[in-house]
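Okay, so here's the structure we're looking at.
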Amino acid sequence: MYCLSLRNELMLPVIGLGTWQITDRVIVSDIIGAAYDLGYRLIDTAAAYSNEIAISKAIVTNEINRNDLFLSDKAWNTSRGFEPVQEACKKSLKKLKTDYLDLYLIHWPASKKLYPYWAEINADTWRGMEQLYKDGYVKAIGVCNFKEHHLKKLQETATIIPMVNQFEIHPGMGQKKLVDFCKELNIIVEASSPLGNGQILTNDTIHCIAKKKNKTPAQICLRWEFQQGIISIPKTVNADRLRQNISIFDFELTEDEMRIIDEIPFCGGIGIDSDEVTQFG
Ligand code: A2P
């Protein structure tokens with residue numbers, strides 16, 4: 001499996017298993033076992049996904065050595081602040097039955113719409129993340145859904161710049177400006193919903209390129225992300241799709257094909273604006 005190196009030289013696999021909306025214990029166990037056998041090592045979860053206990057059981061059931069996995073988890077919005085984020089991480093560690101996370105992320109920045117002091121809240125939460133890193137509870141720290149202004153503000157107080165920013169990226173939602181800004185800061189970009197939550201897989205342009213390359217639409221999307229140096233964490237509960245999603249290293253998209261995909265207009269996905277979000281608090 002190809003990996004990208006974080007600023008602290010920790011190696012992050014370029015394809016991981018997204019686990020959003022997978023909560024059933026049997027399904028979690030089956031899919032993690034199958035993913036591991038296929039070569040997946042990065043498992044992406046979040047406190048908000050309510051599957052940490054199921055994942056810990058899956059690791060035991062499938063007799064997977066914890067140290068062979070790259071476990072990535074996220075602190076939910078109710079855990080913002082220096083102390084709360086550290087408590088949240090320790091709770092997640094207990095649920096996952098491990099004494100460290102490979103990567104810990106802030107799930108959402110404090111929303112401008114709800115918090116006039118959003119920047120201070122993010123700074124304080126980030127201090128807690130830095131503490132977790134210094135204390136060895138987590139091997140790397142990062143954020144999710146942070147836009148350029150969130151990152152710039154954080155830079156004013158941070159002693160460690162986030163190592164990763166995970167946000168929605170897929171054809172139709174390339175977020176080039178933010179991707180480039182993260183790259184300038186040496187922040188590794190991770191695509192959440194790299195298949196647009198499955199909604200972009202019927203796009204005609206993607207289909208046309210998939211047919212030409214003798215690949216599936218999902219493979220075209222994931223290859224497009226990989227060729228931009230972006231990590232993807234596609235979610236699936238289907239063994240055949242699991243295999244497809246990791247089999248993207250035996251072909252290449254041409255510059256023209258990359259550009260054509262870049263130009264696809266928004267055609268589905270989650271599309272939440274982290275400044276506007278109110279439903280998550
Ligand atoms: P399923 O779990 O039934 O396979 P994203 O990762 O962008 O959120 O997309 C996840 C969605 O895409 C899920 O609905 C998943 O459905 C579907 N999906 C994942 N991989 C593939 C694939 N290779 N082909 C078709 N659909 C896929």
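In summary, the lysines within cross-link reach of LYS134, defined as a Cα separation below 26 angstrom excluding same-chain residues under 8 places away, comprise LYS74, LYS90, LYS91, LYS94, LYS95, LYS97, LYS147, LYS152, LYS153, LYS183.
Taking label points 7 Å from Cα along the Cα-to-Cβ direction, ARG25 and LEU38 give a separation of 2.5 nm. Full extension of the chain segment joining GLN227 with ASP180 gains 15.5 nm, where the gain is 0.36 nm per residue of separation less the Cα-Cα distance. In the range 131-252, the DSSP beta bridges split such that about 10 percent are antiparallel, to the nearest 5.
Please give the length that would be gained between VAL60 and LYS211 if that part of the chain were fully extended, namely 0.36 nm times their separation in residues minus their C-alpha to C-alpha distance (nm, one decimal).
Working: separation 151, 0.36 × 151 = 54.36 nm, distance 4.01 nm.
Result: 50.3 nm gained on full extension.
Residue order for VAL60, VAL277, fewest other beta carbons within 10 angstrom first, comes to VAL60, VAL277.
Laboratory data are not the source of any read-out in this text; all were calculated from the coordinates shown. Small disclaimer: the values here were computed from a predicted structure and weren't measured. Every residue, glycine as well, gets a Cβ built from its backbone with ideal geometry; the counts of neighbours run over all protein chains shown.
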